[in-house]
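Readers should treat all values here as calculations from the given coordinates under stated rules, not as data from a laboratory. Just so you know, these numbers come straight off a predicted model, no measurement behind them. Because the Cβ atoms are built from the backbone with ideal geometry, glycine has one as well, and the counts that use them run over all protein chains shown.
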Amino acid sequence: MNGNKLLMIGSLVIPMLLIVMRRPVLLFVQWTTFFGIIIWIRAGVHYIGHIIEPNGNYFMVVIFFSILSLWTVLSGLLLYDDNIRRLYRL
């Protein structure tokens with residue numbers, strides 16, 4: 001939460017917007033999930049920048065943030081599913 005309260009609130013509010021059954025809301029949520037990839041990559045770089053040591057092993061950190069980025073991409077792509085698009089009448 002160190003200075004990231006806006007991101008924390010956004011990560012709670014944005015998925016709740018899917019309750020509003022409108023096309024612009026679905027598109028907004030889809031694009032914010034793709035924007036989330038940038039946030040995860042930036043968080044990984046920021047984390048490594050704070051714990052950097054000479055000859056440090058950052059393999060697990062890179063794997064962790066890569067998995068989070070992949071999860072975010074798949075979440076955004078899930079919103080392109082035909083059943084969800086039919087539900088939102090796209």
Complete set of residues in the range 21-55 that are of a type in the set (A, V, I, L, M), farther than 18 Å from SER75 by Cβ and without any contact (Cβ under 8 Å) to a residue 12 or more places away in the chain:
VAL45, ILE51, ILE52
Can LEU74 be described as in contact (Cβ under 8 Å) with a residue 60 or more places away in the chain and within 17 Å of the chain's Cα centre (by Cα)?
no
